[in-house]
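Participant: Here it is: the structure, laid out below.
The values are calculated or read from the model by the stated rules, or taken from the named source; none is laboratory data. The model shown is predicted, which means the values in this text are computed figures rather than measured ones. Note that we place each Cβ from the backbone using ideal geometry, even for glycine, and neighbour counts take in every protein chain shown.
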Amino acid sequence: MKKQKLMLALAVAGTLFAVAQAQAQAQAPSAENLRRRALEVVSPIPDRMPGGEKDTATLVALGRQLYFEKRISANNSQSCNSCHQVDGGRAGVDHQSTSPGAFGKRGGRNSPTTLNAGFHLAQFWDGRAADLAAQAKGPILNPIEMGMPGDTAVIERIAGIKAYQKGFSKAFPGDASPITYDHLAQAIAAFERTLVTHDRFDDFLKGDDHALNATELKGLNEFLTVGCTTCHNGPLFGGNGFRKLGAVNAYPNLTDKGRIVVTKEEEDLHVFKVPSLRNIALTAPYFHDGSQKSLTQTVSQMAWLQLGRKLTEDEAGSIVTLLRTLNGKGRTGKETIASVGPGASSGEPAMP
């Protein structure tokens, strides 16, 4: 008798669970509905960054060599890839709060990823560089970062390397003096324009109903409902505007004044470029000061700072589940041994 009652109880429980599950599924927005809502605020990443249509294979190859070239730093210790690591499938960052420079000193801000950077409206956290080429010039001459005393010193060093003499001549044919600082920056920018990533979320936006599972679709619904798209919109889920960090509740660290240093406008106090959320799960730590290591805590903190909303653990975790679908295919946030970058070694880099 007891066994029969137990079996009956289990059967009833199973039925109730199935009914509850069916009701939840019936109430959950469909993939088609979520796609429609998502496409109102975000879009797939284009296949090519602005300006990429003019880049030649020779220019990109030269830029790749320069991106990994440590001899454009004062003591031959730093390259672009030192802080923005893209070799081995890495995600364009070094996973440090702030990055050490050629002589061990650290910069004041977290190094953002170079993946998809050419789609941003401007470069650096404060937007002080208009494009990739302008950005590439900065760290080389920054005394804390790569520490070269001036652009003349950079060009003199590069011009003394036979492989670069040939590389610049091929990349800038017809130019009597092809090795210039402007050309160096243009070449690095051309390589960075190849760092376009695509992900499962792009597949979903393009019509693949199986690209995201039910849990990830729930995360998308949460992301769209909470208000994240107020700032994180467009093809990069950000990177297309500037916002005050702490719009509703103040950010704990107010040391960095933000964009006001560039514009001198009072309204830009503590204003920073809105980060792209593409590859965000691969690019910890977070915020301009690199103060937060946990993506879940970052999501919760941002909801409080910008929206004045306290998310539950389930809500924050659900959004993070969605954000992981923005990981570029073939990209990883794990540290790996450098697999490319011939310019990092002594001697002349082999030019393609």
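Participant: What is the number of the single condition among (1) farther than 20 Å from Cys228 by Cα; (2) in contact with a Pro (Cβ under 9 Å, 6 or more places away or on another chain) that Arg331 does not meet?
Facilitator: Checking Arg331 against (1) farther than 20 Å from Cys228 by Cα; (2) in contact with a Pro (Cβ under 9 Å, 6 or more places away or on another chain), the one that fails is (2).
Participant: If Asp208 satisfies every condition in (1) within 18 Å of Leu326 (Cβ to Cβ); (2) buried (at least 16 other Cβ atoms within 10 Å of the Cβ); (3) among the acidic types (Asp, Glu) but one, which is the exception?
Facilitator: It is condition (2) that Asp208 fails.
Participant: Could you look through segment 268-282, keep only residues that are without any contact (Cβ under 8 Å) to a residue 60 or more places away in the chain and assigned to a loop (DSSP other than H, G, I, E, B), and pick out the one that is farthest from the chain's Cα centre (by Cα)?
Facilitator: If we take residues in segment 268-282 being without any contact (Cβ under 8 Å) to a residue 60 or more places away in the chain and assigned to a loop (DSSP other than H, G, I, E, B), then Leu269 is farthest from the chain's Cα centre (by Cα).
Participant: With the structure loaded, tell me whether Ile158 is modelled with pLDDT of 95 or more, under 19 Å from Asn81 (Cα atoms) and more than 25 Å from the chain's Cα centre (by Cα) or whether it fails that test.
Facilitator: yes
Participant: Is there any pair linking a residue in segment 158-170 that is small (Gly, Ala, Ser) to one that is part of a helix (DSSP H, G or I), with Cβ under 7 Å and at least six apart or on different chains, and which?
Facilitator: Ala159/Gln165; Gly167/Leu62; Gly167/Gln65
Participant: Can you spot a residue in segment 289-301 that is over 29 Å from Asp87 (Cβ atoms) and among the acidic types (Asp, Glu)?
Facilitator: No, segment 289-301 contains no residue that is over 29 Å from Asp87 (Cβ atoms) and among the acidic types (Asp, Glu).
Participant: Restricting the search to segment 181-205, which residues are within 15 Å of Ile72 (Cβ to Cβ) and surrounded by fewer than 17 Cβ atoms within 10 Å (Cβ to Cβ)?
Facilitator: Selection gives Asp182 alone.
Participant: If you don't mind, there's one more thing I want to ask. So which residues in segment 284-301 are within 26 Å of Asp203 (Cβ to Cβ) and in a helix (DSSP H, G or I), if there are any at all?
Facilitator: Leu295, Thr296, Thr298, Val299, listed by residue number.
Participant: Related question: Kindly provide the set of residues from segment 37-51 that are among the basic types (Lys, Arg) and either in a loop (DSSP other than H, G, I, E, B) or under 16 Å from the mean Cα position of the chain (by Cα) (or both), ordered by number.
Facilitator: Arg48
Participant: So, one more: Here is a check on your reading of the model: is Val262 outside any loop (DSSP other than H, G, I, E, B), out of contact with any strand residue (DSSP E or B) (no Cβ under 8 Å at 6 or more places or on another chain), touching a residue at least 24 places away in the same chain (Cβ under 8 Å) and not assigned by TED's automatic domain parsing to the domain that holds Ser97?
Facilitator: yes
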